[in-house]
Amino acid sequence: MNRRLTVLVATSLLTLATAAPASAATSYADTDYVALGDSYSAGVGAPGQSGACQVGTNGYPALWAAQNSPKSYLNVACGGAITDDVLNNQVSQLDSSTDLATITIGGNDIGFTTVLSTCMISTYNGCAAAVQAARDSEAVVLPKLDVTYQAIRAHAPNATVVVLAYPILFDTTSSSCGVGGMSLAKRKLINDGDDELNDLIRDHATAAGFVFADARVTFAGHGICASAPWINGLTVPTTDSFHPNKNGYQYGYLPALDAALS
């Protein structure tokens, strides 16, 4: 390469390097963030819960706020919430200035707690019947999801709304789940029902124009019975049972939300 061409190439490369600044991290300094939903958005299952709704400092909304320092952050999610609770008690906290809203909802509407308690104490057939009853209720629940999503958009017309999936609860790589653990067949039944609900939530959320954050992906390999579970099994107090633990919110839910916003 002759000297003149070498200079031209070097000059071009220098120009490109100086013209293209390094990509900066997204700033949320002007973001007003409101978290809605049920216990999975409240932070149940990890330390730091308080109040009647068990809102915790280690839930994914609090972790995201600590990581990103938004202009404002409010968590109105509540343990045990169903779609009616979001409509009656939560969406009123949204307004046209809300920039970001997140939500997990639907699990309590289909009676997921009943499914889990039944499967813990019942036979396989009893567990299968409970899972099927939850699936049958989806026909009633899905219109409620649509109404809830519509209300969120009406109250927060300018917000990015992220609907997060529920993690698949159980690891099924081993037939054993410890003393008192559910059988492999029951765990697969529950996981299949969980998967179906998440797919429906995804379809209805995207139809509403919302972003779906698939926490099933980030929680993969860390279900109950795994060697490093990010979800609690049966606990005392029982309210923490079958909810993410601290690692679940930090390494499962928070990355899922980050990915959805990227």
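None of the figures in this text is laboratory data; all of them are computed from the coordinates on show. Quick caveat: nothing in here was measured; it's all calculated off a predicted structure. All Cβ positions, glycine included, derive from the backbone under ideal geometry; neighbour counts span all protein chains shown.
Select from segment 56-96 the residues that are assigned to a helix (DSSP H, G or I) and among the hydrophobic types (A, V, I, L, M, F, W, C) and list them in ascending order.
Correct list: Ala62, Leu63, Trp64, Ala65, Ala66, Val86, Leu87, Val91.
Could you pull out the residue among Asp109, Asp95 that is surrounded by fewer than 19 Cβ atoms within 10 Å (Cβ to Cβ) and either of a type in the set (A, V, I, L, M, F, W, C) or closer than 30 Å to Asn158 by Cα (or both)?
Step by step, each of Asp109, Asp95 is checked, and only Asp95 is surrounded by fewer than 19 Cβ atoms within 10 Å (Cβ to Cβ) and either of a type in the set (A, V, I, L, M, F, W, C) or closer than 30 Å to Asn158 by Cα (or both).
Residue-wise test of (1) under 15 Å from Val161 (Cα atoms); (2) outside any helix (DSSP H, G or I); (3) not hydroxyl-bearing (Ser, Thr, Tyr).
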site: Asp192; (1), (2), (3): no, no, yes
site: Ala205; (1), (2), (3): yes, no, yes
site: Gly221; (1), (2), (3): no, yes, yes
site: Ala228; (1), (2), (3): no, yes, yes
site: Val236; (1), (2), (3): no, yes, yes
site: Tyr249; (1), (2), (3): no, no, no
site: Tyr253; (1), (2), (3): no, no, no
site: Leu257; (1), (2), (3): yes, no, yes
site: Ala260; (1), (2), (3): yes, no, yes
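Working carefully through the options Tyr124, Tyr149, Tyr166, find the one that is of a type in the set (Phe, Trp, Tyr) and loosely packed, with under 15 Cβ neighbours inside 10 Å.
Working: Tyr149 fails: loosely packed, with under 15 Cβ neighbours inside 10 Å; Tyr166 fails: loosely packed, with under 15 Cβ neighbours inside 10 Å.
Answer to the check: Tyr124.
Yes/no matrix, rows are residues, columns are (1) of a type in the set (A, V, I, L, M); (2) within 20 Å of the chain's Cα centre (by Cα):
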residue: His204; (1), (2): no, yes
residue: Ala208; (1), (2): yes, yes
residue: Ala213; (1), (2): yes, yes
residue: Gly221; (1), (2): no, yes
residue: Ala226; (1), (2): yes, yes
residue: Leu234; (1), (2): yes, no
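Taking Thr172, is it surrounded by 15 or more Cβ atoms within 10 Å (Cβ to Cβ), of a type in the set (S, T, N, Q) and assigned to a loop (DSSP other than H, G, I, E, B)?
yes
Would you call Thr104 under 20 Å from Ala215 (Cβ atoms), surrounded by 21 or more Cβ atoms within 10 Å (Cβ to Cβ) and hydroxyl-bearing (Ser, Thr, Tyr)?
yes
If a residue has to be surrounded by 13 or more Cβ atoms within 10 Å (Cβ to Cβ) and free of Cβ contacts under 8 Å to residues at least 40 places away in the same chain to count, how many in segment 175-193 make the cut?
Looking only at that region, the number is 4.
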